[in-house]
Amino acid sequence: MQTIKHMAFAVSDLDKALSRYQQFIGVGKDARVIDAPKARVRVAIFNVGDVEYQLNQSMDPDGRFAKWIAERGGEGLHHICYTVENIDEALETAQAAGATLKECSSCKVTGKHPHPEGFIAFLAEDTGGIEIELMQVYTPEELEQYKAVRGI
Ligand SMILES: [Zn+2]
């Protein structure tokens, strides 16, 4: 069964977007705001029910999210990440149905690869303009292994 792991939004003013969530809807008051200098992204992470929201603001004008906003002509929902039980099977099924894989713009890897929370892959095809990310969330053992390899 698929659930939504997170929805990632591209924003040009993270503080403004976050304060609107907080003031108008009453969510995001416990948001974690993280600077990721390597990816040149500032991200606010909070939950709305079981769904994690990620507000992403590029630190540079030519950053991943800034470029996306410029090309698209505005801020918006950048991608939705769905959890899958087995990413190999999920990708096989999707590809058998005609999907193709897309390079991860952070890692420059196409297909299944490790991210901090699980094995992920992006599809080249979107759903009504919304990019699809699939994630097999790590087991506690896999998470330990990921951290050990990265030295974190
Ligand atoms: Zn990646």
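Residue 123 fulfils the conditions (1) in contact (Cβ under 8 Å) with a residue 12 or more places away in the chain; (2) in contact with a His (Cβ under 9 Å, 6 or more places away or on another chain); (3) outside the structural domain of residue 27 (by TED's automatic domain parsing) except for a single criterion, (2). Where the second residue is within 16 Å of the ligand (Cβ to nearest atom) and of a type in the set (Gly, Ala, Ser) and the first is within 23 Å of residue 56 (Cα to Cα) and assigned by TED's automatic domain parsing to the domain that holds residue 120 and lies in the stretch 93-106, which pairs have Cβ atoms under 7 Å and are six or more apart or on separate chains? Matching pairs, first to second residue: 101/111; 101/121; 101/124; 102/124; 106/39. Annotation: of all residues in the stretch 64-79 being away from the ligand (no atom under 16 Å from the Cβ) and surrounded by 12 or more Cβ atoms within 10 Å (Cβ to Cβ), the one that is farthest from residue 41 (Cα to Cα) is 72.
Yes or no: the stretch 13-33 includes at least one residue that is among the β-branched types (Val, Ile, Thr) and crowded, with 20+ Cβ neighbours inside 10 Å.
Taking the stretch 13-33 first, the residues among the β-branched types (Val, Ile, Thr) are 25, 27, 33.
Among the residues that remain, those that are also crowded, with 20+ Cβ neighbours inside 10 Å are: none.
For the stretch 13-33, residues among the β-branched types (Val, Ile, Thr) and crowded, with 20+ Cβ neighbours inside 10 Å: absent.
Taking the stated definitions as given, is residue 107 of a type outside the set (Val, Ile, Thr), in contact with a Lys or Arg (Cβ under 6 Å, 6 or more places away or on another chain) and within 16 Å of the ligand (Cβ to nearest atom)? Here the answer is no, as residue 107 does not meet what is asked. The set of residues in the stretch 44-61 that are closer than 16 Å to residue 105 by Cα and part of a strand (DSSP E or B) comprises 56, 57, 58.
The values are calculated or read from the model by the stated rules, or taken from the named source; none is laboratory data. Just so we're clear, the structure is a prediction, and the values are computed from it rather than from any experiment. Methodologically, a virtual Cβ is constructed for each residue, glycine included, from the backbone with ideal geometry; neighbour enumeration extends over all protein chains shown.
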